[in-house]
Amino acid sequence: MTLLPVDPLPEREVRVRAPGKVNLSLRVGPVAEDGYHPIVTVFQAVSVFEEVVATPSSGRTVSVDGPQSELVPTDGSNLALRAVELIAERTGVDEGVHLHISKGVPVAGGMAGGSADGAAALLACDALWHTGLSRDELVALAAELGSDVPFALAGHTAVGSGRGHLLTPALCRGEFHWAFAVQDGGLAAGAVYAERDRLVEARGAAHRLPAADEDTDVLDPDEDVALMQALRAGDPHALGAALRNDLEDAALSLAPGLAEVLAVAQDAGSLGAVVSGSGPTVAALARSRQHALVIAAAFTAAGVAERVLTASAPVAGARIVSAE
Ligand code: ATP
């Protein structure tokens, strides 16, 4: 009997790049009945990227390389694999895929690296499987995966409300330059929100369930007027002065060493420095690309960061880099 050669799986791959983010402003309302904190945030996508390569495979698997990759789960809890399962289920696709993630964004660093992987995986599978989803359909799946995933698809600069997933593009002129101080130990976003609740309660501030139709001042979009003007004008000095993060006190309470990181940024002439999202990465706004390198060198010299990054912003959201 002659054995016929088994056809190898076609050698195709789709390569997608997706950016991390910094929150220029993050305002947090009182916890709602569903347990979530409503937020209003201004996201900016920065040139620190995740790369996800999708290839056909018999199963659905993920591998990871890059800094801190040992901290990333490779089981079904990986956000990129959850994206694979979601798009397969909704489109009725029964195929396998292997995803290889090269991490550029810090893990559990408040820069939404996992969300970038989720957004990249949606785009990659849609292209690999020729499912032809519309932009709106992809955004809807992204919102199911997590609050920061729609922004990883959209990129640029945008205002997020609800849990951060309802996006409105923000006008932004010019290019901004950032330096980031990255820490080895991440902070879990849930723990930072819980610490914020504890601090708010300890201060005796009103801490009650808001009525559905009740507006809270902190979530009033007018609160960010100065910041939006700075973005429209492309004015980094005004932007530096307008940075705000309501989770910063809680992140500092859980990781007190971050106060020194912020002080080093200030001493290095940063136009403004803020904990990124739920931290512990500190983002420092620079006057120029060169100045960002100076601030990064100051972080290193002071020994306050495990790793430093510099980036420009805003950049586009998740994009297919190549499909062959
Ligand atoms: P956010 O700012 O959205 O809270 P983050 O940037 O602080 O996110 P991530 O790196 O996105 O944090 O991931 C947080 C946790 O999620 C990690 O500690 C890890 O256990 C888990 N995780 C799941 N999938 C991924 C992924 N693809 N990359 C990184 N972490 C992932």
Both in Å, the radius of gyration and Dmax of the C-alpha trace of the chain are 20.5, 83
In debye to the nearest 20, the charge dipole size for region 21-179, taken about the Cα centre with +1 at each Lys and Arg Cβ and -1 at each Asp and Glu Cβ, equals 520 debye
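Can you tell me the FRET efficiency between Glu306 and Ser253 if r is taken as the Cβ-Cβ distance and R0 is 30 Å, rounded to the nearest 0.05?
Taking R0 as 30 Å, the efficiency between Glu306 and Ser253 is 0.90.
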Helix 79-91: inclination vs the chain longest Cα principal axis, degrees, rounded to 10, gives 60 degrees
Taking placed amide H atoms and a strict 5 Å upper bound, the residues 5 or more places from Gly96 or on another chain that come that close are Ser57
Quarter of the surface of the C-alpha convex hull for region 40-118, i.e. direction-averaged projected area in nm², equals 6.1 nm²
Counting only DSSP beta bridges fully inside the chain, the antiparallel percentage to nearest 5 is 85 percent
For region 50-118 the mean separation of alpha carbon contacts under 8 Å (6+ apart) over residue count, i.e. relative contact order in percent, is 50 percent
Between Ala32 and Leu171, the two model label points (7 Å from Cα along the beta-carbon direction) sit apart by a distance in nm of 2.9 nm
Under Stokes-Einstein, region 14-171 at 4 °C and 1.567 mPa s, with its Kirkwood radius over C-alpha pairs, diffuses with a coefficient in µm²/s of 82 µm²/s
A chain fully extended from Glu137 to Glu89 at 0.36 nm per residue, minus the present Cα-Cα distance, gains in nm 15.9 nm
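None of the figures in this text is laboratory data; all of them are computed from the coordinates on show. This structure is a prediction, so every number in the text was calculated from the model and none was measured. Cβ coordinates were reconstructed from backbone atoms using ideal geometry, including for glycine residues, and neighbour counts include every protein chain displayed.
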